[in-house]
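Everything on this sheet refers to the single structure shown next.
Read-outs: derived from the displayed coordinates by stated rules, not from any lab. The shown structure was predicted, so the numbers you read here are calculated from the model rather than taken from an experiment. Note that we place each Cβ from the backbone using ideal geometry, even for glycine, and neighbour counts take in every protein chain shown.
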């Protein structure tokens, strides 16, 4: 399913006609259709919801790589919906739609034409939908990149397939990520080896071969006959 099909699934059927201007900004799509001014206003999710979405995308390598490469595959929309951000509002009831024409008894052809133009724009640039939802392409990529640097909660693929709204697993910190002189590196370092056991009968030659301070720590060995 393409992005235009997603738009038409929730806001269709669309209509065709001349669109003189189409503009998408956070919370509103405006257009001039056949000389009439059209506006499609939606709610913009707050930062907390967007943070959850970006953390979920960053936790899945395939989504993180695609978004950071400047791509927005359709399955990303389903991840967004799972975490409370609808890139396409689920129906006209979720919009405040206005047109300067004199038809007030329903969704006019000008509004449907604007939706068709938005659907076509979404196929060319899917980030138009994230911008409408409050986060443009650059901001979304920045947040996903930042979330990917934080070793924290991530979303399991199995839960995502089952459409469970929240599922978080803890990612174990990688000791190699810590600076060698940091406290985190100290506490994550492997345990030191135990003391070396000296074979019986090694005698004083072990002490003689041991360097300085180490020799001082070795216990004396009994001499034969003592």
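Hey, fewest Cβ within 10 Å first, where do 19, 44, 115 land in order?
Placing the least packed residue first, the sequence is 44, 19, 115.
Extension gain residue 20-residue 62, at 0.36 nm per residue separation less the Cα-Cα distance, in nm?
11.3 nm
Could you give the nm distance between label points at residue 34 and residue 10, where each point is 7 Å from its Cα heading toward the beta carbon?
Going by the 7 Å Cα→Cβ label model, 2.6 nm.
Sort 59, 100, 4 so that the residue with the fewest other Cβ atoms within 10 Å of its own Cβ comes first and the one with the most comes last.
Result, fewest neighbours first: 100, 4, 59.
Points 7 angstrom from Cα along the Cβ direction at residue 51 and residue 149: gap in nanometres?
About 1.6 nm separates the two model spin labels.
What distance in nm lies between label points placed 7 Å from Cα along the C-beta direction at residue 100 and residue 1?
Inter-label distance under the simple model: 3.5 nm.
Between Rg and the Kirkwood Rh of the range 3-171, both from Cα atoms, what is the Rg to Rh ratio?
1.02
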